[in-house]
Amino acid sequence: MEQHNPDNPALRNPSLRKESFVALGTIGALTAGTALIGGRVSSSGQLWYKRLRKPGFTPPPWVFGPAWTALYGLMSLSAWRVWNRPAGPRRSWALALWGLQLGFNALWSPLFFGKHRQREALADIAALGVSLAAYTAVARKVDTGAAWMMVPYLAWVGFASALNEEIVRLNP
């Protein structure tokens, strides 16, 4: 298993350091774009969401902003750590899975809040959970720290899946 190496050439070599920061900016922009999509669509669907029957374990609305901010930050740092590891099939596979989970993440809010398609959103969040677990497993073989950064996100997606499932059940 590859471990984080403080002597990473990307951090020593100035041209690789520049590439590393360009990668961080790209990863950050992709994540921020996903967050922006989710935030805009979620905001526009709040009146509809307030009218839904929800389970007793639904968090108050103010929890979502700080939770997602922290999760998107960890998600970005995780991908950046993987990107900074030596090139190879595992790194490529991990980054592809990271992009896949980000795509499923970006689809959820438009499905749930935008189109009010709770069942389709539930299928999407299930696919998100699978792709996220796969990313975490592969990332662990590339950079253990990157994998650990995904644990809160895995927990949140599990919780959000249960919440989505209950909303489907309570609002046939």
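The values are calculated or read from the model by the stated rules, or taken from the named source; none is laboratory data. Since we're looking at a predicted model, the values are computed, not measured. Glycine gets a Cβ as well: all are built from the backbone with ideal geometry, and neighbour counts include every protein chain shown.
Computed quantities for the displayed model
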| read-out | value |
| --- | --- |
| Residue among Arg40, Arg81 that is of a type in the set (Lys, Arg), modelled with pLDDT of 90 or more and surrounded by 13 or more Cβ atoms within 10 Å (Cβ to Cβ) | Arg81 |
| Any hit, the range 43-58, residues being surrounded by 15 or more Cβ atoms within 10 Å (Cβ to Cβ), under 30 Å from Phe21 (Cα atoms) and touching a residue at least 40 places away in the same chain (Cβ under 8 Å) | no |
| Scan of the range 100-128 for residues that are in contact (Cβ under 8 Å) with a residue 12 or more places away in the chain, part of a helix (DSSP H, G or I) and over 18 Å from Thr31 (Cβ atoms), ordered by number | Leu111, Phe112, Phe113, Gly114, Gln118, Arg119, Ala121, Leu122, Ala126, Ala127 |
| Qualifying position, being within 13 Å of the chain's Cα centre (by Cα), assigned to a helix (DSSP H, G or I) and not small (Gly, Ala, Ser), among Leu97, Leu47 | Leu97 |
| Condition check for Phe104: in contact with a Leu (Cβ under 6 Å, 6 or more places away or on another chain) and within 24 Å of Glu165 (Cβ to Cβ) | yes |
| Gly45, sole failed condition from (1) at pLDDT 90 or above; (2) touching a Phe, Trp or Tyr at 6+ places or on another chain (Cβ under 7 Å) | (1) |
